[in-house]
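What follows is a set of notes on a single structure, which appears directly below.
Rule-based calculations on the coordinates, nothing more; no lab input. Note that the structure is predicted; figures quoted are calculated from it, not measured. A quick note on method: Cβ atoms are made from the backbone with ideal geometry, for glycine too, and the neighbour counts reach across all protein chains shown.
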Amino acid sequence: MSGPVAAHIDSVAVRADTSAAVGVDQIDGLTDASLSESGDFVETNYLGGSGYKSRVQTLKDTSADLSGHFMQGDAPQGVLRNARDTGSTVYLTFIFDPTASAGSKGKRVPMVVQSYDEKMTPGGVVEFSCKLLGNGAPIAV
């Protein structure tokens, strides 16, 4: 019987190149991260069919949302801010199971930064949120 996998929020990393992520690429201050994978579908109905819609998947897409504490000197957060400013591709790595064998640990996804926001609440700490859009196929790590 399968069991739930523990979340390792410290296992989300970002790089500006395709090299494998290492410890210094982990995003400090991260408190929430999500990766979404979806597909576009087109209808394939024809006259004289069953009367029900049928669909075929065409393009696939990915997106990610990150949020946490803004860390002034954190290089990975700087990579995200720079990619927002330049429109360049970043490579976001999600490790879902660090004990799994290579190719089953998680995914590295090429993405572009749609937005990077900073939020200040009086009496609190500065927080950030980042929305990313897929820019190619995920790679198993």
- Query: So how much slack lies between Leu47 and Thr89, counting 0.36 nm per residue of separation and subtracting their Cα-Cα distance, in nm?
  - Reply: 10.7 nm
- Query: Under a plain spin-label model, where a point goes 7 Å from the Cα along Cα-to-Cβ, how far apart in nm are Val22 and Glu118?
  - Reply: 2.8
- Task: Give the shape of segment 64-141 as rounded, prolate or oblate, defined through the alpha-carbon gyration tensor: a ≥ b ≥ c are the square roots of its eigenvalues, a/c under 1.5 means rounded, and otherwise the shape is prolate if a/b is larger than b/c and oblate if not.
- Result: oblate
- Under 13 Å from the Cα of Lys60 - aspartates and glutamates, other chains or at least 8 residues apart: Glu37, Asp40
- Query: With no solvent and one point per C-alpha, what does the Debye sum give as log10 I(q)/I(0) for the chain at q = 0.12, 0.14, 0.20 Å⁻¹?
  - Reply: -0.56, -0.70, -1.18
- The helix 75-86 Cα axis meets the longest alpha-carbon principal axis of the chain at an angle in degrees, between 0 and 90 and rounded to 10, of 60
- Query: Between Thr31 and Ala75, what length comes free when the chain is fully extended (0.36 nm per residue of separation minus the Cα-Cα distance, one decimal in nm)?
  - Reply: 14.2 nm
